[in-house]
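I have placed the structure first, in the form of structure tokens, so that the comments after it can refer back to it.
The values are calculated or read from the model by the stated rules, or taken from the named source; none is laboratory data. This one's a predicted model, so the numbers in the text were calculated from it and none came from an experiment. Virtual Cβ from ideal backbone geometry, glycine too; neighbours counted across all protein chains shown. Surface areas here come from the heavy atoms of the whole protein model, side chains and all, with no ligands, DNA or RNA. Shrake-Rupley method; radii C 1.70, N 1.55, O 1.52, S 1.80 Å.
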Amino acid sequence: MVIHDAGADDPSMAFQLSRLEDPTFAHMPMGIFRNVTRPSYDDLVRAQVDDAVAKAGGPVTDADLATLLHGKDTWNVGD
């Protein structure tokens, strides 16, 4: 007898159950195979941006851009 935990961190059992099949369709697994809460891609990206801003000392200001544009560092775009 197998007791499946849909909230398990390891998805192996859920994947195995989803692949069980009987050609006569007499025995088919039914129910919820996987039920876990994960952060969305959007939430992860926003957290990454917030972390980068915090490490940089805060958000960029217009004064920072002016300093960059009027500074001594130069670059060439194209030849």
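So here's what we get for this one:
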item	result
Positive dipole terminus of the chain, leading residue within A52, T37, A14 (C-beta point charges)	A14
Percent carbon-and-sulfur accessible area, the chain, ignoring ligands, DNA and RNA, probe 1.4 Å	58
Surface per residue (accessible, 1.4 Å probe) for the stretch 1-73, Å²	93
Debye equation applied to the C-alpha atoms of the chain, log10 I(q)/I(0) at 0.13, 0.19, 0.22, 0.23 Å⁻¹	-0.67, -0.97, -1.05, -1.08
Computed [θ] at 222 nm, deg cm²/dmol, the chain (DSSP H ≥ 4; -39,500 (n - 2.57); rounded to nearest 500)	-11500 deg cm²/dmol
Filtered trypsin sites (Lys or Arg not before Pro), the stretch 18-79: DSSP coil and at most 16 other beta carbons within 10 Å	R19, R34, K72
The chain - charge dipole about Cα centre, Lys and Arg +1 at Cβ, Asp and Glu -1, debye rounded to 20	120
